[in-house]
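The structure appears below as C-alpha cells.
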Amino acid sequence: MLKGALCFLTTLLIASSLNAQIRIIDAQGEHLFEKPPTKVVALNWAMAEQLIELDAPLLAVSDVAGYQEWVVQPALPEGIQDLGARAEPNLEKMARLQPDLIIVSGITKEQVARLKNIAPVLNFNTFNSDHNNPQVAIDTFRQLALLFNKSQLAEQKLSAMQQRFTELRSALTTAYQGKLPKVSTVRFANTASVYIYGDNSMSQYALKQLGIKPALDIATTQWGLVQKRVLELSKIQTGSVLYFEPFNEYPQLQASRLWQAMPIVRNNKVAAVPATWTYGGAMSLKYLAEAMATSLLTLAPNATEQNPVKNASNEAVQ
C-alpha cells in the first residue's frame, strides 16, 4: 500500500515537473526549457529588438554599429557585446561569452548545427512568402515573452501599440480632412533602383493600421518588397511616397531630370522617414507607424509643425 502511494506521488511529481517546463515552438519544432535563459545572444536585428523590448538578458548582438544606424529603436542597452557581421558572426568570441541560448532567424539547418556547438539555438522564421510576416513577428514576440516570463509585459506593449495606431490614425485623418492619401513606402538601392514595399511588408501593415491604402499594388513576397527601376514610381499619379533613410545619394536623385518630372515630385508628395527597421519585430510596427505618420503630416494640406508622435499620448509601458 505504502509502495503504491509512493509510486503515485513520484508520478505526480514527474508530471508536475514536466508541466513546469517552458514549451517554445520555432522553425525547428518544439523546445522545452526548465527556466528562462540568463545569457542570450541574438544574431539577427529583429530578434535583438524583440529581446530588448521584453527586457530580456541580452548579452551580445551582431553588427552593433549597423543596428544603431539602420534600426535605431529600441536603443541597444549599454555594454552589449559586438559579434561582428550578421552573415559571419565571430563564433570564437561568442563561445568565450558562454551564452545559454542563441536566437536567430531564417538560417539553414547547417548553420544551426554549427551554432549548437556553442549553445542551444532558437531559429524563428519571421519572413516567408507563405505566411503573414507582421503577424508572425507578433507571434514570435509572444513566444519569447513566454520563454522569459514576460507575457504580461508583452500583452501590455501589444495593447499600447494598438492604442497608438488609433491615436496616429485620428491625427492623420484630422490633418488630411478625412481624405487620407494612398501611400507607398520604398527604400532606395541607388539613384536608379528602388525597393518598393507591398503586401507582407511591415511598413504596409503599419500603414493599414493607420487607415492608408498603397499607391502601388505589390504582390506578396518573402520580404514584402520588390526591386524596380526608379521609373516605376512615375506610375503614382495622385498618391504619396515615403522613403526610408539612410540614403546618402538622395541629393543626386533630386538633381535628376527623370526624378523631377515625376508626378509625386511635382506635386510635393515625397517625404523621408528617419531610419526605422522595415524587417523588425513586433514593436517595429509601432515605430514604423509613428515615423511614417510624422512624415505624412509634412505632406498634408496646410501642413504645420504638428507632430502626432509628440502630441498624442504615448506613455511608455514599464
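The values are calculated or read from the model by the stated rules, or taken from the named source; none is laboratory data. Predicted model only: the values in this text are computed from it and were never measured. As a convention, Cβ positions derive from the backbone with ideal geometry for all residues, glycine included, and neighbour counts pool all protein chains shown.
Residue check: E49 meets all listed conditions (1) surrounded by fewer than 19 Cβ atoms within 10 Å (Cβ to Cβ); (2) charged (D, E, K, R); (3) within 15 Å of A282 (Cβ to Cβ) but one, namely (1). The lone criterion from (1) surrounded by 16 or more Cβ atoms within 10 Å (Cβ to Cβ); (2) more than 16 Å from Y279 (Cα to Cα); (3) of a type outside the set (A, V, I, L, M) left unmet by W70 is number (2). Taking region 51-68 as the range and being assigned to a helix (DSSP H, G or I) and of a type outside the set (S, T, N, Q) as the test, the residues that pass are L51, I52, E53, V64, A65, G66, Y67. Looking at region 138-161, which of its residues are closer than 26 Å to L297 by Cβ and either outside the structural domain of M292 (by TED's automatic domain parsing) or touching a residue at least 12 places away in the same chain (Cβ under 8 Å) (or both)? Listed by number, the residues that qualify are K157, L158, A160, M161.
Tell me, please, whether a residue that is in contact (Cβ under 8 Å) with a residue 40 or more places away in the chain and under 16 Å from the mean Cα position of the chain (by Cα) can be found in region 165-182. So far as region 165-182 goes, yes, one or more of its residues are in contact (Cβ under 8 Å) with a residue 40 or more places away in the chain and under 16 Å from the mean Cα position of the chain (by Cα).
For every residue, the table says whether it meets (1) over 30 Å from A160 (Cβ atoms); (2) modelled with pLDDT of 95 or more; (3) not small (G, A, S).
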{"position": "F188", "(1), (2), (3)": "yes, yes, yes"}
{"position": "D199", "(1), (2), (3)": "no, no, yes"}
{"position": "V273", "(1), (2), (3)": "no, yes, yes"}
{"position": "L288", "(1), (2), (3)": "no, yes, yes"}
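Using the structure shown, decide if S203 is within 15 Å of L288 (Cβ to Cβ) and not aliphatic (A, V, I, L, M). Yes, satisfied. Could you tell me whether any residue of region 163-172 is on the phi < 0 side of the Ramachandran plot, at pLDDT below 95 and among the β-branched types (V, I, T)? Looking for residues that are on the phi < 0 side of the Ramachandran plot, at pLDDT below 95 and among the β-branched types (V, I, T), one finds none in region 163-172, hence no.
Which residue is modelled with the highest pLDDT, if the candidates are limited to region 96-122 and must be of a type in the set (S, T, N, Q) and within 22 Å of N133 (Cα to Cα)? Among residues in region 96-122 that are of a type in the set (S, T, N, Q) and within 22 Å of N133 (Cα to Cα), the one modelled with the highest pLDDT is S105. Among the candidates A271, A275, the residue that is small (G, A, S), buried (at least 16 other Cβ atoms within 10 Å of the Cβ), in contact with a strand residue (DSSP E or B) (Cβ under 6 Å, 6 or more places away or on another chain) and not in a helix (DSSP H, G or I) is uniquely A271. If the condition is being under 11 Å from A48 (Cβ atoms) and part of a helix (DSSP H, G or I), then region 69-92 contributes only V71. Candidates are the residues of region 19-50 that are part of a strand (DSSP E or B) and touching a Phe, Trp or Tyr at 6+ places or on another chain (Cβ under 6 Å); the one that is modelled with the highest pLDDT is I22. State whether the residues of region 111-128 include one that is touching a residue at least 60 places away in the same chain (Cβ under 8 Å) and basic (K, R). No, region 111-128 contains no residue that is touching a residue at least 60 places away in the same chain (Cβ under 8 Å) and basic (K, R). Residues satisfying the criterion are absent from region 234-251 (criterion: part of a helix (DSSP H, G or I) and crowded, with 17+ Cβ neighbours inside 10 Å).
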